[in-house]
1. Taking the options A:79, A:110, name whichever one is buried (at least 17 other Cβ atoms within 10 Å of the Cβ) and small (Gly, Ala, Ser).
2. Scan the range A:15-29 and give yes if some residue there is among the small types (Gly, Ala, Ser) and free of Cβ contacts under 8 Å to residues at least 60 places away in the same chain, otherwise no.
3. Applying the selection to the range C:39-55, what residues are touching an Asp or Glu at 6+ places or on another chain (Cβ under 9 Å) and in contact (Cβ under 8 Å) with a residue 40 or more places away in the chain?
4. For a quick check of your reading of the model, give me the residue pairs whose first member lies in the range C:62-77 and is more than 9 Å from residue C:109 (Cα to Cα), whose second is surrounded by fewer than 20 Cβ atoms within 10 Å (Cβ to Cβ), with beta-carbon atoms closer than 6 Å and at least 6 apart or on different chains.
5. Would you please name the residue that is nearest to the other protein chains (Cβ to nearest Cβ), looking only at residues in the range B:1-43 that are of a type in the set (D, E, K, R) and assigned to a loop (DSSP other than H, G, I, E, B)?
6. Based on what the data block shows, is residue A:99 in contact (Cβ under 8 Å) with a residue 12 or more places away in the chain and over 23 Å from residue B:50 (Cα atoms)?
7. So, of the residues in the range C:56-115 that are under 11 Å from the mean Cα position of the chain (by Cα) and aliphatic (A, V, I, L, M), which turns out to be nearest to the other protein chains (Cβ to nearest Cβ)?
8. What residue, among those in the range A:15-36 that are charged (D, E, K, R) and surrounded by fewer than 19 Cβ atoms within 10 Å (Cβ to Cβ), is farthest from residue A:51 (Cα to Cα)?
Amino acid sequence: MQLKRHDPGKFLSGAVEANGFVFLAGQVPDDLDQGVRGQTEQVLAKIDALLAKAGTNKSNIVWANVWVADIRARDEMNAAWMAWMDPKNPPARATVEAKLANPRILVEIACTAAK
Amino acid sequence: MQLKRHDPGKFLSGAVEANGFVFLAGQVPDDLDQGVRGQTEQVLAKIDALLAKAGTNKSNIVWANVWVADIRARDEMNAAWMAWMDPKNPPARATVEAKLANPRILVEIACTAAK
Amino acid sequence: MQLKRHDPGKFLSGAVEANGFVFLAGQVPDDLDQGVRGQTEQVLAKIDALLAKAGTNKSNIVWANVWVADIRARDEMNAAWMAWMDPKNPPARATVEAKLANPRILVEIACTAAK
């Protein structure tokens, strides 16, 4: 068994590789002045960057968990998601509402990719 | 690496196969006039159908995430779950409360199965 | 395909092994008189015990989902997490707020480890 960790920090790693999968930590935006769509775009850019570090990409995502601070805003999240997602390779996904680390964080996404 | 996607849609796939696992999208009921037990039965039937498409079945589920719109109704969810689950092969599972896509959706379940 | 289940119960198994991974059920504390830090310590001890039964350990955790009943208490959760986590092997993780099975349960953690 070979584990490989990317962007390790004090509490968590940005991504962990194991047995042909890459597990990403929940990604949140940095610029919290943006709305749901802009925050989602930031999150998806972070996901792209982590997947690239792990040698894979969004076309290989198998599962994503999306948390939105207000479920009524999920159309805005989905607008950013649709513009980003590989239309030939949609992942399995679940979207639910949850309060996130900071009241100004409107969206968080974690995902698992194959590699 | 070989990925296989079932029921691909605009936002997500119903299920994705990779490396000996099948990842299912969060399943929600169609008939929202039913209560928690009936909605859970609908969700579990959808899970059975997706697992069958992916060549596996409920006895091979390794992990399930259950979201209920009201955690106090989890006994009703569990009644449907117990009647459905293979008693010789209970999966690992977590159940938490979350607001779901529509206020009338009372339960959503995502799961991962081996195949 | 070989599945192995640990601590199987009526609704779920404590852990399920499949294809080089161990999937743990959401763990909750037993002594609900404790605060967030003490409850988190209990949860992490249960995770250690289940991982040991499955022949692995916390250094091999690839992913953890933490639910806290009040997101504002996550620093207390993190204090217990930091004291426990293998600093050379931080897992990917997401932490969100959710109402849990009992209003006195303040934290629940599920995780996946490689083995």
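Throughout, read-outs are computed from the coordinates displayed, never taken from laboratory work. The structure presented is a predicted model; accordingly, all values stated were derived computationally and were not measured. We place every Cβ from the backbone using ideal geometry, glycine too, and count neighbours over all the protein chains shown.
1. Values: A:79 fails: buried (at least 17 other Cβ atoms within 10 Å of the Cβ).
The conditions single out A:110.
2. yes
3. Selection gives C:39, C:40, C:43, C:50, C:53, C:54, C:55.
4. The qualifying pairs are C:71/A:99; C:76/C:37.
5. Once the filter is applied, the top-ranked residue is B:10.
6. Yes: the conditions hold for residue A:99.
7. My answer is C:110.
8. As a first pass, look at the range A:15-36 and keep what is charged (D, E, K, R): A:17, A:30-31, A:33.
Next cut, surrounded by fewer than 19 Cβ atoms within 10 Å (Cβ to Cβ) only: A:30-31, A:33.
On the way: A:30: 18, A:31: 21, A:33: 26 Å.
Once the filter is applied, the top-ranked residue is A:33.
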